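Notes for the one structure printed next.
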Amino acid sequence: MLTYKAPLRDIKFLINEVFDFHSHYQGLDNGSTADPETVSMIVEGFADFAENVLSPIYQSADAEGCSFKDGEVTTPTGFKQAYRQFVEGGWQGISFPEEYGGMNLPMSLNLIKSEMMGTANWPWSMYPGLTIGSVNTILQYGTPDQKAIYLPKLITGEWSGTMCLTEAGCGTDLNQMKTRATPNEDGTYAITGTKIFISAGEHDLTENIVHIVLARLPDAPAGTKGISLFIVPKFLPNEAGELGDRNQVVCGSIEHKMGIKSSATCVINFDGATGFLIGEPNKGLKAMFTYMNTARIGTGIQGLAHIELAFQNALPYAKERRSMRALSGVKEPDKPADAIIHHADVRRMLLTQKAFAEGARSMVYHAARYADHLANAIIKEDEAAIKKWDDKLGFYTPILKGFLTELGIEAAKHGQQIYGGHGYIKETGMELIARDARISTLYEGTTGIQALDLLGRKVLLHGGGKVVREYTAGIMKWCGEYALDKDMRQFVWSLTKLCAEYNMLTARLLLTARKDRDIVSAASDDFLMYSGYLMMAYHWARMAAIAFDKMKNGGEQPYEFYLAKTQTAQFYFEKILPRTNAHAEAMTTPSSVMMQMDIEHFSF
């Protein structure tokens, strides 16, 4: 049976010793109340909820799944009770304005909460998780009346929200979107169309569901320039914000899926449903990206969640399961065989999981600081600051989403390998992690889409590689501070070489793309993975530097904790980081290797 224990030592190591969240919060307009005591209370309080409420119903809910009848979805046993406790605890409103019922604390605290919630029970976490994007979108683009009506109920969790983007035959390519929005005489719009793959599109946890829907106006320009965004609630609220008439929004069916079975994935039919324009006409895609970026950070957290859960449940099994004797000699002479953790190959898999989990957490928490700055700039309506932090977060987002979710699948595979045959049966839960992890590389844009966004749009198209040069300049500056530190020499030297190679590879792809446009798509996956391994290496080096210092001068955690950090960093640099060599060689291979075969020769 799967169990979850919030990794509080590692969380506190990052927020207190690596990133100094306390000082960071002092520079935010909404950070003054996020003192160490408040932060600790929130983190520990939600850890208790995740461990004792969400985790115990994860496997049972997967076995039960959601049920669908006559347009209604019933969630698994325990979900409504858990959601009620979530709402009563005020957990949904951590990072939203007090004027709408929130706590007005920094965004990063909500992301830390999301990590624990998602690791304990990812499918359950999707119900309140999708609401976050709805709130952010309405906060940034909604009218005063829309904010007054929708935000209080969404922020308390009484209502939930969704993102309705995908249509049959129209996923990433929104040019093919067909949902229509016809103006009504009263200023509302009649929304007609069908959306598919709508997570939490229908359920029994909240009294109302607020759909954020992309649709086209009758006179809209062709392509993505003609897409508008609408609020389409399941029940139409009155002027007081209370429930009114049922809208023409109906769940047609739910999907039967490989994983996340306790999260309802719905087909939603809009049959002349009343909708309310949010933002400017034909500018809906820009507003929707507010939602999408929120969701993509959340999906990056899903990668971290599956890595952490796989590691937490593989480690005790490796200590208890006995098979054969260690090659270096008998370790447990009083037992019939040694525990498999004494075998180097099992150590390889466990250390890979540990390195991925702790490296991913550092990457996510660093991005969370950027999200804090961006949210702060939006509140102040500081356009220059919004662009600055949006650009920084924009570089991180496809790496977090694409790279970390791929690592989540690898970590789940290692968990199954450590369990052997027991990793393939339902009782242990390892097969559940593997199934649930698989969707993370698909929704909010597949790994290939994230890779193309990173290399094509973020790196090559805007500034000709400027973002890479700026990012590596920051790493090099940091390396210079530790150039003479004997403990850090091994990490600094590797990072220095990688930064030089990263810039060279970017420049080479930029030049090649002028003549070979297909190279952008051909090289993008390798470029994404290379970027991820480099970024994680930088985070491991930073953690190692702090750990070495604390081993000498003392810190919040025991000496052994810091020692393990330095040893895991060494493992990552020596055993994992060489993967960049293969990605570097592969990304510079001409696209003709993939494009030269005639389509008709793809046969069997």
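Here is how the numbers come out for the structure above:
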| read-out | value |
| --- | --- |
| Kirkwood Rh in Å, taken over segment 406-530 so that all alpha-carbon pairs contribute | 17.2 Å |
| Long-range HN-HN contacts of N208 with modeled amide H, under 5 Å | S160 |
| Segment 455-591 - charge dipole about Cα centre, Lys and Arg +1 at Cβ, Asp and Glu -1, debye rounded to 20 | 380 debye |
| Violating pairs (Cα-Cα greater than 30 angstrom) within the set K113/K466; K354/K392; K380/K458; K5/K486; K113/K331; K113/K286 | K113/K466; K5/K486; K113/K331 |
| J(HN,Hα) series, segment 55-62, from Karplus relation 6.51 cos²θ - 1.76 cosθ + 1.60, nearest Hz, glycine and proline x | 4, x, 9, 5, 5, 4, 5, 5 |
| Cα-based helix-to-principal-axis angle, 79-88 vs the chain, degrees rounded to 10 | 90 degrees |
| Within-11-Å neighbourhood charge of Y530 [Cβ basis; K, R +1; D, E -1] | -3 |
| Long-range HN-HN contacts of G252 with modeled amide H, under 5 Å | V267, I268, N269 |
| Phi-based couplings in Hz for segment 120-133 (Karplus 6.51, -1.76, 1.60; Gly and Pro marked x) | 5, 6, 4, x, 4, 5, 5, 5, x, x, 5, 5, 4, x |
| Ranked L139, L484, L455, criterion: other C-beta atoms within 10 Å, fewest first | L484, L139, L455 |
| Net charge of Cβ neighbours under 14 Å - reference V467; Lys, Arg +1; Asp, Glu -1 | +3 |
| Contact order relative to length of segment 455-591, as percent, for alpha carbon pairs under 8 angstrom and 6 or more apart | 29 percent |
| ³J(HN,Hα) computed for each position of segment 95-103 - Karplus, 6.51 cos²θ - 1.76 cosθ + 1.60, integer Hz, glycine/proline x | 10, 10, x, 4, 5, 10, x, x, 8 |
| Degrees between helix 344-380 axis and first principal axis of the chain (Cα, 0 to 90, nearest 10) | 40 degrees |
| Span from the segment 1-40 Cα centroid across to the segment 407-443 one, whole angstrom | 29 Å |
| Range in the chain, longest, excluding exposed GluC sites (Glu not before Pro) [loop by DSSP; at most 10 other beta-carbon atoms within 10 Å] | 382-604 |
| Proxy reagent accessibility, fewest Cβ within 10 Å first, across V330, V73 | V330, V73 |
| Over the chain, relative contact order from alpha-carbon pairs under 8 Å, at least 6 apart, % | 12 percent |
| Summed side-chain charge close to V213 - residues other than V213 whose Cβ falls under 14 Å, Lys, Arg +1, Asp, Glu -1 | +3 |
| Sorted by Cβ density within 10 Å, fewest first, the residues S40, S262, S55 | S40, S55, S262 |
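Laboratory data are not the source of any read-out in this text; all were calculated from the coordinates shown. From a predicted model like this one, the values you see are computed outputs, not experimental measurements. Here Cβ is always computed from backbone atoms with ideal geometry, including for glycine, and neighbour counts include all displayed protein chains.
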